[in-house]
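Novice: Handing you a structure now.
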Amino acid sequence: MLPYATGEILSLVGYSIVPALLPQLIEAWSLTNTQAGWLAGSVSAGYMLAVIALVSLTDRRPARHIYLAPSALSALTSLGVALCDSLLPALAD
């Protein structure tokens, strides 16, 4: 049960960290509103692109494996955004 709860926490971190920290990122990186929108929108765009492939994989593989791997990847990208010091590297994450 613990690995699945961990996966849930990791996936929620990846989904919510950029919107939660957006005011601080705007100030720290001197972002315009357009740049902030790109940063916040990149999270949703990545989600939309990944869902297309991952949902079809659940017909062939156990859904828990499909769920845990992207959750771990999401946590790593959140760490990458946290270590960035400007917009362009953060968009690449």
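Novice: Please enumerate the residues belonging to the range 48-93 that are charged (D, E, K, R), touching a helix residue (DSSP H, G or I) at 6+ places or on another chain (Cβ under 7 Å) and either in a loop (DSSP other than H, G, I, E, B) or open to solvent by less than 70 Å² (accessible area, probe 1.4 Å) (or both).
Specialist: Asp93
Novice: Additional query: Cβ contacts < 6 Å: first residue of a type in the set (Ser, Thr, Tyr), restricted to the range 30-57; second residue part of a helix (DSSP H, G or I), any location; separation 6+ or different chain. Result?
Specialist: Partner pairs satisfying both residue conditions: Ser42/Leu91.
Novice: Anything in the range 13-30 that is in contact with a Ser or Thr (Cβ under 9 Å, 6 or more places away or on another chain) and hydrophobic (A, V, I, L, M, F, W, C)? List them, or say none.
Specialist: Scanning the range 13-30 gives Val13, Ile17, Val18, Ile26, Trp29.
Novice: For the range 1-47, how many residues meet the condition of being open to solvent by 90 Å² or more (accessible area, probe 1.4 Å), within 15 Å of Leu73 (Cα to Cα) and either modelled with pLDDT of 85 or more or of a type in the set (Asp, Glu) (or both)?
Specialist: 0
The values are calculated or read from the model by the stated rules, or taken from the named source; none is laboratory data. Quantities reported herein were computed from a predicted structural model and do not represent experimental measurements. So basically every Cβ, Gly included, is an ideal-geometry build from the backbone, and we count neighbours across all protein chains shown. In case anyone asks, the SASA skips ligands and DNA or RNA and just uses the protein heavy atoms, side chains included. Shrake-Rupley method; radii C 1.70, N 1.55, O 1.52, S 1.80 Å.
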